[in-house]
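Have a look at the structure below, then the notes.
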């Protein structure tokens, strides 16, 4: 529901007078799709230097240059909210990455479990989806993308003092009722008994329920993040 | 994350010894996809008579008969939670109907607004999506599907005493913090000034915010329902 100006993510540094090259895809979007011209305003962010008003100073079919002029919003540090999830089928995974970005996830950690749909994830694809979602939802940062690791390795590496809400259906767990620094969601097939045992050994994991229904994994990720970001 | 038995929605009445015909699609699913045979257990619900243990008594390529034997869960009345939304592009609309069913919406009301992506909805398609989602998430009921009406007509017909949370971005509204009987979400292009004026004249509408980011319409619907069903 964005009625504002065009908002683009760029890789280069932003500051007063800084020139940022657009990607060829962005140049195509600006010219052919959105019919913008040299001189038109654009909003830029790079995840480091805040949000800047910029103008198009060069626009060709496959390249464009944007010059930043005014800081619109300083860079902010979002409250930590990591999403830890077992990779799903491609469409469901794409949906999770897009919605997690909209809902303020600051990090995305794929973890490998016995029932994961796949052991491979494409982090470049994750990043493209997150960039597009961040452009759309007016975030000034991007979630950090982490390479997939086995569940146990992830748990062993997580700082003990940071609570993580674990979506466990049919466990009699209580609803999410407090701030957590992360949300962990299992694969479609659920966690195995062994995985549940491993998880129980980590005191930072708080079992939570998302209601009486059995949610699909991607729904649990989206609903859980919606709840956690509301605190 | 459903590890249980096969669970099917049927149209016919359920009770001890009641025989329910499966659709040809369900028969194909039982035999060809899930490799079930006569005598195998199946769980049935019809939205009226609770959830029943049943067994396959006949199974052919394109038809099957299931006989109910034991009531597993009585029919329950869910707390009222209506989703009122402007129809979006087809994929986004399908996603909203599926996730709304998983998240416990009891009614789905498409409303027509100036910026709606389409003025037409296919309620049979809505119902198929909701049935599949209800089978999966272990609901014993289905959301009721309503024919699209203009926004103002919907508002004029809603009972005054039932609060409805209205997702209004950039309005300085407070987060959802109380029970509501409904959630209203605008189209991708947002509500017009006229529509906002009409909405403000209805005291049952509570403006709410879903956080600092600008959510896509379908994300607002899913996140808003996740929050409302958690109370």
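Only the coordinates and a few stated rules stand behind these numbers; no lab work does. Here the structure is a predicted model, which means the values were calculated and not measured. Cβ atoms come from the backbone with ideal geometry, glycine included; neighbour counts cover every protein chain shown.
Among chain A residues, the beta-carbon with the smallest distance to the axis carrying A onto B is reported, with distance in whole Å, as A:226, 2. Considering only C-alpha atoms, what is the centroid distance from the range B:169-198 to the range A:191-231, in Å? One Cα centre to the other: 29 Å.
Look at the Cα gyration tensor of the range A:177-231: its axes a ≥ b ≥ c give a/c of at least 1.5 with a/b at or below b/c, and that counts as oblate. Springs between Cα atoms under 10 Å define the GNM used for chain B, and in it the highest mean-square fluctuation of B:33, B:149, B:111 occurs at B:33.
Shortest first, residue A:201 label-point distances to identical copies amount to 6.6 nm, with the label point at 7 Å from Cα along Cα→Cβ. Between B:156, B:49, B:94, the Gaussian network model of chain B with springs among Cα atoms under 10 angstrom shows the greatest mean-square fluctuation at B:156. In chain A, the longest principal axis of the Cα atoms and the axis of helix A:90-102 are about 70 degrees apart. Sorted ascending by nearby beta carbons within 10 Å, beginning with the fewest, B:204, B:85 become B:204, B:85. Against the main long axis of the alpha-carbon atoms of chain B, helix B:123-137 sits at an angle near 70°.
Between identical copies, the spacing of residue A:132 label points, each set 7 Å from Cα toward the C-beta atom, reads 2.1 nm from nearest to farthest. Going from the fewest other Cβ atoms within 10 Å to the most, the residues A:124, B:62 appear in the order A:124, B:62. Dividing the summed -39500 (n - 2.57) terms of all DSSP H runs of n ≥ 4 by the residue count of chain B sets its mean residue ellipticity at 222 nm at -7500 deg cm²/dmol. Using only Cα atoms and rounding to the nearest 10 degrees, what angle (0 to 90) does helix B:217-228 make with the longest principal axis of chain B? Relative to chain B, helix B:217-228 is tipped by roughly 80 degrees. Summary value for the range B:7-73: 40 percent relative contact order, contacts being C-alpha pairs under 8 angstrom separated by 6+ residues. Where the centroid of each part is defined by its Cα atoms, how far is the range A:1-41 from the range A:42-94 in Å? Each part reduced to its Cα centre gives a spacing of 10 Å.
How do A:58, A:188 line up, fewest other C-beta atoms within 10 Å first? Could the numbers behind the result be given before it?
Numbers: A:58 14, A:188 17.
Listed from fewest to most nearby Cβ atoms, that is A:58, A:188.
Position residue B:170: other-copy label points at 4.7 nm, ordered by increasing distance, label point 7 Å along Cα→C-beta.
Note on chain B: GNM, Cα springs under 10 Å; of B:161, B:39, B:15, the largest mean-square fluctuation is that of B:161. Its relative contact order, with pairs defined as Cα atoms under 8 Å and 6+ residues apart, puts chain A at 19 percent.
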